[in-house]
1. Run the paramagnetic zone check for A:Lys132: 7 angstrom along Cα to Cβ, then residues of the range A:151-188 with backbone nitrogen under 14 Å.
2. For every helix of n ≥ 4 consecutive DSSP H residues, a contribution of -39,500 (n - 2.57) applies; sum these over chain A, divide by its total residues, and give [θ] at 222 nm rounded to the nearest 500 deg cm²/dmol.
3. Between A:Ile16 and residues 5 or more places away or on another chain, which pairs have amide H atoms under 5 Å apart, with H built 1.01 Å from N, and which residues are they?
4. Starting from the Cα of A:Asn18, step 7 Å toward the Cβ, then list every residue of the range A:39-80 with an amide N under 13 Å from that point.
5. Using a 10 Å cut-off around each Cβ of peptide B:462-474, what is the average number of partner chain Cβ atoms that fall inside?
6. May I ask you to derive the FRET efficiency for A:Asn25 and B:Glu497 from their Cβ-Cβ distance with R0 = 41 Å, giving the value to the nearest 0.05?
7. Hey, with R₀ at 30 Å, roughly what FRET efficiency would B:Arg221 and B:Val486 work out to, going by the Cβ-Cβ distance, to 0.05?
8. Full extension from B:Glu176 to B:Glu163: what is 0.36 nm times the residue separation minus their Cα-Cα distance, to one decimal in nm?
Amino acid sequence: MLKIENLHAEIDGKKILNGLSLEVNAGEIHAIMGPNGAGKSTLAYVLGGRPGYEVTEGSVTFDGQDLLDLAPHERASAGMFLGFQYPVEIPGVSNVQFLREALNSQRKYRGEEPLSGGEFLKLAKEKAGLLKLDMEMLKRNVNVGFSGGEKKRAEMVQMGILDPQFAVLDETDSGLDIDALRTVGEGINSIMRTPEKSVLLITHYQRLLDYVKPDKVHVLAKGRIVTSGGPELALQLENEGYETVAA
Amino acid sequence: MTDQIDTKTMAEQPQMDQEARDAAKRLETYEFGFHSDIEQEFAPKGLNEDIVRFISAKKNEPQWMLDWRLKAFRLWQTMEEPDWAKVGYPEIDYQDAYYYAAPKQKETLKSLDEVDPEILSVYNKLGIPIAEQEVLAGVEGARKVAVDAVFDSVSVATTFREELKKAGVIFLSISEAIREYPDLVKKYLGKVVPQQDNFFATLNCAVFSDGTFVYIPEGVRCPMELSTYFRINAENTGQFERTLIVAEKGSYVSYLEGCTAPMRDENQLHAAVVELVAMENAEIKYSTVQNWYPGDSEGKGGIYNFVTKRGLCQGARSKISWTQVETGSAVTWKYPSCVLNGEDSVGEFYSVAVTNNRQQADTGTKMIHNGKGTRSTIISKGISAGRSDNTYRGLVRIGPNAENTRNFTQCDSLLLGDECGAHTVPYIEVKNPTAQIEHEATTSKISDDQLFYAMQRGLDEEQAVALIVNGFAKEVLKELPMEFAVEAQKLLAISLEGSVG
Ligand SMILES: Nc1ncnc2c1ncn2[C@@H]1O[C@H](COP(=O)(O)OP(=O)(O)O)[C@@H](O)[C@H]1O
Ligand SMILES: [Mg+2]
């Protein structure tokens, strides 16, 4: 489903990704771990098409099409979702308004009919319930005044509503307490654990992987994948640290 | 800054109807001079007492009205054009403009094909029906259709008039009101904005073309929102518009002015005056959406909009609320104000001003607290893009006898890009120590984080900008009547197209 080959990317002329290759098939969940500053968020942004993140070499194909050729909103409409490490506040815009506009914009791009207000609210209610987020929160402005944990849960509600093919979740587990971690883990499984969908899970901790079992684990260091393995690699990393494993 | 706009003088506007020019030309050379010949459709170029007499005569005005105009004209001749606003434009030659032209003067087009495609694309984005587009663009023969389109049907218009009449509400053009309700007009005209108030207001007093008069009797809640939209058939009132609204004790009215579609207008100089009077426990809500032609991307050909709007809260517990969405005009000079005389009266000003390309806006409000316990709220949202300049200029004055007054002011500026300017100029004068005054101001740039976040969820760049800007302006937009708010949102999006990226 997603094939990254020899990806080189830079920000402001500073090289961050250095020949990163990775393939994720439909139905798979891959975890990416790695030290701070390794380039994990950069990878997520490059996949999302964030302006300023310049790809200098390599390719990314998504569902057979050249992902790098698409504008950010086109990637989103094609089914690429980014769960942000730091979800962004949009004052004066309610979650409901934001997500309905976003969803209908994606649907329009795909040639689908827009959802009516009623249909949308029904969908939003269902997904909010899944993540144990009060519907009242969705009537509030996007991420404004949300706690760290609420922001991450709201991020997953957004994912549920937009129903992507592929999700890159950037440290969705950080800032969550034990109960929220379980809720979010179960939410990810229920939204994304299907034979057609895939997830790239960026995390520092084994604990999320207890809920969301990865098919593969990769270590990203200095802008490339240095080691890959099965779920046991995550356990090994937790015990021994990146220094030894990634060396 | 004066070199920013290279605009031809009004008389050189290419749109000016040839017929009008020829007619005016003939009058200019009329050997007996120009004497209130009311058979003529056009006043010649320039401004003098005869022109003022001509305008008054064309409107069948009583002597007192003519005298009032002449007095204003004489005053105006002694006045200087103000230059303190942060706007620059080439010097206006007031003798090189036309001050009266019958409606026919408006250039007619054969069909929408002749309309600037840019304007048409805006009409389409706003979802304006074709028939209505034709009226706005001034297509020949469109009038009748349009009345229907605007009113839905003529019968709706009639129902509308009858319902107002039943409630005792007077809603007329000011010319009609001068003839039909002279005592009311005489009593209030120029009482809120005195003739000598400022250069542009004084000019308006002398030459005002037409406008609206509204009178809400005691205890009446106006049964519908009054809109100039309903008076679209009152032609050619745009240039020197004059509006007077009087709300008697315990009455309420909501008035909507303007139109979201960019109106074509060959008159470059606009100088309107709006006066509001609210008696005891009365409330006037005045909402404006202004989207006059801002000129091209270099600022050429846009409207200069010099407006004086003032409301007088005469009675105790009266309330006047101004809400404005300003997206048009090349130059905007406008400070809708409230004079709070009545005890516990309330003044509000909610404003969104958008400038793009070479537009310049210097806008804000004055809250004059004279009565005890008076309160005012000012929420101003300035959005600047392109190479535009956007200034908030506001005065809060607390008079010596105004005990226990309060003001809250919030001025937020949002910048799109690096070449635009945002300025906040608050003046605060406090002559009574019991006043509580709060002022907050912020300036921010539209953030890359927000844009990318919204785009990652599926919005294209323009949608993302529109969403963020609408969120920024939300506090003001929510003050607009529902149907206006939806149009205003679309308008903000359209005004900012192409301003990012
Ligand atoms: N906007 C930026 N400008 C310059 N350097 C940046 C920018 N964003 C990130 N970096 C640098 O890129 C490297 C990788 O960052 P990031 O992808 O956020 O790492 P991770 O998510 O793995 O912690 C870091 O050295 C960081 O300082
Ligand atoms: Mg990171």
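1. So the set is A:153-154, A:176-188.
2. Rounded to the nearest 500, the figure is -12500 deg cm²/dmol.
3. For A:Ile16, the qualifying residues are A:Ala9, A:Glu10, A:Ile11.
4. Once the point is set 7 Å along Cα→Cβ of A:Asn18, A:39 turn out to lie under 13 Å by backbone N, inside the range A:39-80.
5. The per-residue average across the peptide is 4.
6. Plugging the Cβ-Cβ distance into 1/(1 + (r/R0)^6) gives 0.50.
7. So the FRET efficiency works out to roughly 0.80.
8. 2.8 nm
Taken together, the values in this text are just the output of simple stated rules run on the coordinates, not laboratory data. Since this is a predicted model, take the numbers as computed values, not measurements. Here the Cβ is made from the backbone with ideal geometry for all residues, glycine too, and neighbour counts use every protein chain on show.
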